[in-house]
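Some notes on the structure that comes next.
The values are calculated or read from the model by the stated rules, or taken from the named source; none is laboratory data. Here the structure is a predicted model, which is why all the values come from computation and not from measurement. All Cβ positions, glycine included, derive from the backbone under ideal geometry; neighbour counts span all protein chains shown. Note: areas computed on protein heavy atoms with side chains; ligands, DNA, RNA excluded. Shrake-Rupley method; radii C 1.70, N 1.55, O 1.52, S 1.80 Å.
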Amino acid sequence: CAEELRVGGVDIIAEQMPLRTRAYWLEVKKRCTDLCLTIVSLSPGNNFGRPTARARQREVDAVTRWIEAAAIMGAPLLRIFAGWPPEGQAKVLWPAMVQCIRQVAKTAASAGVTLAVEPHNAGGFLPDSRTTLRLIRELHSPWVRINLDTGNYHEPDPYAGLEASLPFAPHVVAKIHRQTLDYEKIFAMLARHHYRGFVTLEYEGARDERRGVPAALAMLRRAGRRHGL
């Protein structure tokens with residue numbers, strides 16, 4: 001990332017951190033500092049849609065531990081999910097999911113870490129902008145915002161959904177996959193809203209990553225420059 005791609009920051013997911021100890025977190029923080037890489041966010045990969053209270057509490061405990069990691073490593077954001085309830089249970093489990101996020105938001109606030117909830121499909125609570133913005137309104141917390149993944153809104157006009165969500169988004173993820181997204185339109189949107197945060201590349205394209213990632217990064221940089229970002 002630092003030496004070949006010359007990027008400014010990284011979003012580190014749980015699978016990329018095999019050890020969950022303070023010593024290891026500090027080691028990764030120092031490595032990023034030495035490489036002049038900002039740790040934009042950490043991503044634990046939680047699920048508050050578990051069907052039982054005990055299972056949801058385990059998820060809360062795990063996210064609480066990751067909030068500690070973010071504070072130690074200096075990551076301003078923790079990317080979380082509302083979750084994936086069992087089929088047909090989204091309406092019933094919605095209040096319990098909201099309560100889980102309220103609980104971890106209190107811990108996040110005391111640590112100075114903002115929770116960035118990512119919209120998600122495949123049966124999740126937040127498949128579109130309507131449900132995502134509903135969650136933000138219900139929580140009504142300055143410590144819970146949106147991790148705006150450009151490829152995750154499943155609705156007739158995803159660009160309108162992205163734009164409606166931007167005022168609540170301290171972080172944008174540029175999804176590169178087999179579905180073509182109009183990044184000229186997206187970067188024009190970011191410019192209109194005076195977006196100043198990171199745009200993180202998430203590559204899921206068909207090409208080999210060693211070729212596809214640099215090409216996708218170059219495309220995003222060109223679009224960003226054209227729109228003054």
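Provide the descending list of Cα extents for the chain along its principal axes, expressed in whole angstroms.
47, 47, 32
Quick check: residue separation of Leu35 and Ala122 times 0.36 nm, minus the Cα distance between them. What number comes out in nm?
Working: separation 87, 0.36 × 87 = 31.32 nm, distance 3.64 nm.
Net length gain for the segment: 27.7 nm.
If you take the charge dipole of the chain about its Cα centre, with +1 on Lys and Arg Cβ and -1 on Asp and Glu Cβ, which of Cys36, Thr132, His227 is farthest toward its positive end?
After comparing all options, I get Cys36.
Based on the Kirkwood radius over alpha-carbon pairs, what is the Stokes-Einstein translational diffusion coefficient of the range 1-73 at 37 °C with 0.692 mPa s viscosity, in µm²/s? Walk me through the intermediate numbers first.
Numbers: Rh = 13.4 Å.
It diffuses with D of about 244 µm²/s by this estimate.
Rg to Rh for the range 20-149: what is it, with Cα atoms only and Rh by Kirkwood?
On the way: Rg = 14.9 Å, Rh = 15.0 Å.
Taking Rh as the inverse mean 1/r over Cα pairs, Rg/Rh reads 0.99.
Considering only protein heavy atoms, what is the solvent-accessible area of Trp84 at a probe of 1.4 Å, reported in Å² to the nearest 10?
Looks like 90 Å² after rounding.
For a quick protection proxy, order the peptides 42-51, 3-12 by their average other-Cβ count within 10 Å, most packed first.
Values: 42-51: 21.3, 3-12: 14.5.
Final packing ranking: 42-51, 3-12.
Which one of Thr114, Ile12, Val92 has its Cα pushed farthest toward the positive end of the charge dipole of the chain, where Lys and Arg give +1 and Asp and Glu give -1 at the Cβ?
Toward the positive end, the furthest listed residue is Thr114.
What does the charge count near Arg22 come to, summing +1 for each Lys or Arg and -1 for each Asp or Glu among other residues with Cβ under 13 Å from its Cβ?
+2
Around Pro158, under 11 Å between beta carbons, what's the net of Lys plus Arg minus Asp minus Glu among the other residues?
-4
So how do 213-225, 17-29, 109-121 stack up, highest first, on mean other-Cβ count within 10 Å? Let's see the in-between values first.
Details: 213-225: 15.5, 17-29: 13.3, 109-121: 19.5.
Going from most to least packed, we get 109-121, 213-225, 17-29.
Relative to the present Cα-Cα distance, how much length would full extension add between Arg178 and Glu87 at 0.36 nm per residue of separation?
Roughly 30.1 nm would be gained on extension.
Suppose every Lys and Arg Cβ carries +1 and every Asp and Glu Cβ carries -1, with no other charges. What dipole size does the chain come out with about its Cα centre, to the nearest 20 debye? List each step's numbers first, then the result.
Details: 31 positive and 23 negative charges, 83 e Å.
Value, rounded to 20: 400 debye.
What does the charge count near Leu229 come to, summing +1 for each Lys or Arg and -1 for each Asp or Glu among other residues with Cβ under 10 Å from its Cβ? The partial results should precede the final answer.
Numbers: positive: Arg196, Arg221, Arg225, Arg226; negative: none.
Every neighbour counted, the sum reads +4.
Determine, at each q value in 0.13, 0.18, 0.19, 0.25 (inverse angstroms), the log₁₀ of I(q)/I(0) that the Debye formula gives when each Cα of the range 68-132 is one equal point scatterer.
For the range 68-132 at q = 0.13, 0.18, 0.19, 0.25 Å⁻¹, log10 I(q)/I(0) is -0.40, -0.70, -0.75, -1.04.
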